[in-house]
Amino acid sequence: MKKVILAAPRGYCAGVDRAVQIVERALDTCGAPVYVRKEIVHNRFVVTELETRGAIFVDSEEEIPEGAVCVFSAHGVSPQVRATAAERNLQVIDATCPLVTKVHLEAKKFARGGRKIVLVGHLGHEEIEGTAGEVPDSTYVIEDVGQIDNLPLDTDEPVSYLTQTTLSVDDTRDVVESLRDRFTDITGPHSDDICYATQNRQVAVKALAPEADLVLIVGAVNSSNSNRMVEVAIKAGTPAHLVPDESYLEEAWLEGVETVGVSSGASAPEVLVEGVLTKLAEHGYDTVETKEVTSEDVTFSLPPWLREQAGATATGD
């Protein structure tokens, strides 16, 4: 019997939900246009929806008119970006995920202690640019174990490691273990930098994959955590594909497939999952079961003035 197993948890994490709400509240309270530096979260559907409401997305804060409202994306920014925004007198609203902010603070703390920082992540990703920008002269970015031997650091040099929040848990563990083998004086953060939502979604896919003939991850092509979920499924032995929306689903993938596992990245809204489920139902996969590995109750509060403005608007003040 053809069926779908739907992973839980999936989709929006607390940081993404907060960031999207910040742009929506900013549009409500400040009026359009509201400028957003980079994609607020890595999902084109979300960006397009906000554009229709009056959000304008730009690659650099230097493109924003002086004095205008500027939202920093969930991925965080470097001190240099903040300085440029201040020079342009931009009205900054910071939508950086609190878990990314935690990594920034760790980088500054380690650097103050005279330690070099090895930052594990994808070069060019906005989150890595922001974190590395906190202490650029002390930070070295690597993506995998193979780059460790190329680090221009002595084995006895004081080193600390940090990681991008959206990496694969298993791959990061391998890199950290190799770093510990290489350096004699190495420390890390008190708790894992990889965010709770990234971990939960990967664990759910890992549990789902053995029960499925095919795994589909709903998420954007440039979404790091979504791509890592695909990798997790493949490593578990199940063919897997990234599908930004239902139009990317290829019929050839379904040949001989009885059970399709479905999940979604932390920046993918549920409406996109529903679209994929509808498309699968058209191909006979109309029975849907949910496999829940854990529940999530994490929330992050909005900036105080946005909460106050929203409350005043609601009461007519």
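The values are calculated or read from the model by the stated rules, or taken from the named source; none is laboratory data. These numbers come from a predicted model, not from an experiment. Virtual Cβ from ideal backbone geometry, glycine too; neighbours counted across all protein chains shown.
Structure values in brief
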{"quantity": "Any hit, region 17-31, residues being in contact with a strand residue (DSSP E or B) (Cβ under 6 Å, 6 or more places away or on another chain), closer than 26 Å to GLU143 by Cβ, of a type outside the set (Phe, Trp, Tyr) and in contact (Cβ under 8 Å) with a residue 12 or more places away in the chain", "calculated": "no"}
{"quantity": "Restricting region 253-309 to residues that are in contact with a strand residue (DSSP E or B) (Cβ under 7 Å, 6 or more places away or on another chain) and small (Gly, Ala, Ser), the residue that is nearest to GLU39 (Cα to Cα)", "calculated": "ALA268"}
{"quantity": "Residue in region 29-42 that is out of contact with any Gly (no Cβ under 9 Å at 6 or more places or on another chain) and over 22 Å from TRP305 (Cα atoms) present", "calculated": "yes"}
{"quantity": "Only listed residue being of a type outside the set (Ser, Thr, Tyr), more than 30 Å from GLU282 (Cβ to Cβ), without any contact (Cβ under 8 Å) to a residue 24 or more places away in the chain and in contact with a strand residue (DSSP E or B) (Cβ under 8 Å, 6 or more places away or on another chain), chosen from VAL71, VAL92", "calculated": "VAL92"}
{"quantity": "Which listed residue is more than 20 Å from ALA74 (Cβ to Cβ), modelled with pLDDT of 95 or more and assigned by TED's automatic domain parsing to the domain that holds HIS104, from VAL159, VAL215", "calculated": "VAL159"}
